[in-house]
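Single-structure report; data block below.
Every read-out reported here was derived from the displayed coordinates using simple, explicitly stated rules and does not represent laboratory data. Bear in mind the structure is a predicted one, so any value in this text is a computation, not a measurement. Positions of Cβ are backbone-derived with ideal geometry, glycine not excepted, and every protein chain shown enters the neighbour counts.
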Number of protein chains: 2
Amino acid sequence: MKQKLSVIKIGGNLIEDPKGFEHVLGLFSKMEGNKILVHGGGKKATELGNKLGIESQMVNGRRITDPETLDIAVMVYGGLVSKNIVAKLQALGTDAIGMSGADANTIQAHKRPIKKVDFGLVGDVDKVNAYAIFKLLQAGFTPIFCALTHDGRGQLLNTNADTIAAELAIAMSEQFETTLYYCFEKKGVLQDVEDENSVIKHIDSKTYDELLAYGIIADGMLPKLHNCFYALRNHVAKVCVGNSEMLDQSNVEYTTLTL
Amino acid sequence: MKQKLSVIKIGGNLIEDPKGFEHVLGLFSKMEGNKILVHGGGKKATELGNKLGIESQMVNGRRITDPETLDIAVMVYGGLVSKNIVAKLQALGTDAIGMSGADANTIQAHKRPIKKVDFGLVGDVDKVNAYAIFKLLQAGFTPIFCALTHDGRGQLLNTNADTIAAELAIAMSEQFETTLYYCFEKKGVLQDVEDENSVIKHIDSKTYDELLAYGIIADGMLPKLHNCFYALRNHVAKVCVGNSEMLDQSNVEYTTLTL
């Protein structure tokens, strides 16, 4: 039987609020078995950019990663956020090790090809080095991934944290029975976006199609659920979407997705 | 017989100059056997501080690490410099992994006690976790350390890179026959500080005492050589001081120190 592995993505909003941040790290540290954390950087990168007078260029609501913006992402995600998460988890008894996709050559990507828009130094994932991550887990370490990859030729690349979490979960599924957790500010996928308590407890391929058809899943949830089913179709055993309380495996409601 | 290990500290000046930086990483990547790199951050941290309007407080020529200054060190050393070194080494075929002392709980320190001066969030090393580093080396990874430690209670601390290199070399000497390399801008310890070519090829405890007595070692070299002999007295096999050319093991002159 395969060993279990949990891949937990925590959203930027959770990182903004110091109390919520401590809380989610506490829940993460108590989770049993093999685990991997993936974090974004929240608004800290934008704040630092503003202080330095570097304006984010946006096209169609998406940020362009020019070299200065990448440096800021590397400083904030790969430095400030990563190292502070690691120090706090060590204090909680979790033997964390902060990683970008360049470290141990764990995630190779290529610069997104220019079509209508040049997104700049943004990476689309080519390959996750599951063996390197396996070795770290076997050695007793808990990898903490930030949203950075590399192209194998010396260039770091900005990569969406949800995507990194999905790709890690997929790659590790050959060796492990993997559950992917997307933690964000809501309790789960909501039937009625206005009603926090209308959590849909279970979504499978059939209900997913129905929810799409009826327009119940829209806006920000669309790419998130796309990632969930992309992971499920590539051998991830289960995906859970909800707020950080779902990590303590207690009776809180959240959304579970299976094929 | 013990396996060999090289611990290489590269100075901030080498990081400033892009060409020199690429060169030293090329030499490092070609070194055979187990190896660990330790890097400072050069002037980039001061530059970022200036841009953000955060002035370094200095007392007796030494920087005070207030919380804002620590954040900058974490962003620059632990983020920007570390991740770019790792990406470049990966491109050169070295399976690098960027570390602070918090990562894998490798270096624990305590905040320097307040005597005449409160240096702020500066750490004095308590314990290097040689077993964690051994596991990384055995797994085929090359650890790249920045000059940050942690106190085990969630606080990151700024720590001198020369000291970190010495402490790492000492801790690893139980398992490995360890050589410690201090790379800086000069060719080695100079007989005449005005003459770049007056490299003293070998220093042992006896000649060290003589050089001290005659005032030949002074200023910046004093703490550096103090670190060297501290390492040698704690079972490090050999210490080498010189510019980066000494890493290609060719016939360039540099200073070798033994007990």
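Of note:
- Efficiency of FRET between residue B:47 and residue A:114 - r from beta-carbon atoms, R0 35 angstrom, step 0.05: 0.65
- Chymotrypsin sites (Phe, Trp or Tyr not before Pro) restricted to segment B:159-254 and DSSP loop, no more than 14 other C-beta within 10 Å: B:214
- A from B by rotation - nearest chain B beta carbon to the axis, in Å: B:79, 1
- When chain A is treated as a GNM with alpha-carbon contacts under 10 Å, the residue of A:219, A:151, A:248 showing the greatest mean-square fluctuation is A:219.
- The GluC sites (Glu not before Pro) of segment A:108-185 that DSSP puts in a loop, and whose beta carbon has at most 16 other beta carbons within 10 Å, are A:174, A:185.
- Per-residue ellipticity at 222 nm computed for chain A from its helices equals -9500 deg cm²/dmol, with DSSP H segments shorter than 4 residues left out and the rest contributing -39,500 (n - 2.57).
- Kirkwood hydrodynamic radius of chain B, from inverse mean 1/r over distinct Cα pairs, in Å: 18.7
- For residue B:23 and residue A:195, the FRET efficiency from 1/(1 + (r/R0)^6), where r spans their Cβ atoms and R0 equals 60 Å, is about 0.45.
- With the label put 7 angstrom out from Cα along the Cα-to-Cβ vector, residue A:193 ends up 6.8 nm from the copy partners, going from closest to farthest.
- Neighbour-limited loop hits for GluC sites (Glu not before Pro), segment A:37-91 (at most 14 other Cβ within 10 Å; DSSP other than H, G, I, E, B): A:55
- Cα gyration tensor category, rounded, prolate or oblate, for segment A:158-259 with a/c compared to 1.5: prolate
- For residue B:1, label point 7 Å along C-beta direction: distances to other copies, nm: 4.9
- Here, segment A:204-259 has an Rg and a Dmax of 11.8, 33 Å when only alpha carbons are counted.
- Kirkwood Rh and Cα Rg combined as Rg/Rh, the protein assembly as shown: 1.01
- Extension gain, residue A:206-residue A:129: 0.36 nm per intervening residue step, less the Cα-Cα distance, totals 24.5 nm.
- Within the protein assembly as shown: Cβ-based charge dipole about Cα centre, in debye rounded to nearest 20 (Lys, Arg +1; Asp, Glu -1): 700
- Percentage relative contact order, chain A, counting C-alpha pairs under 8 Å, at least six apart: 22
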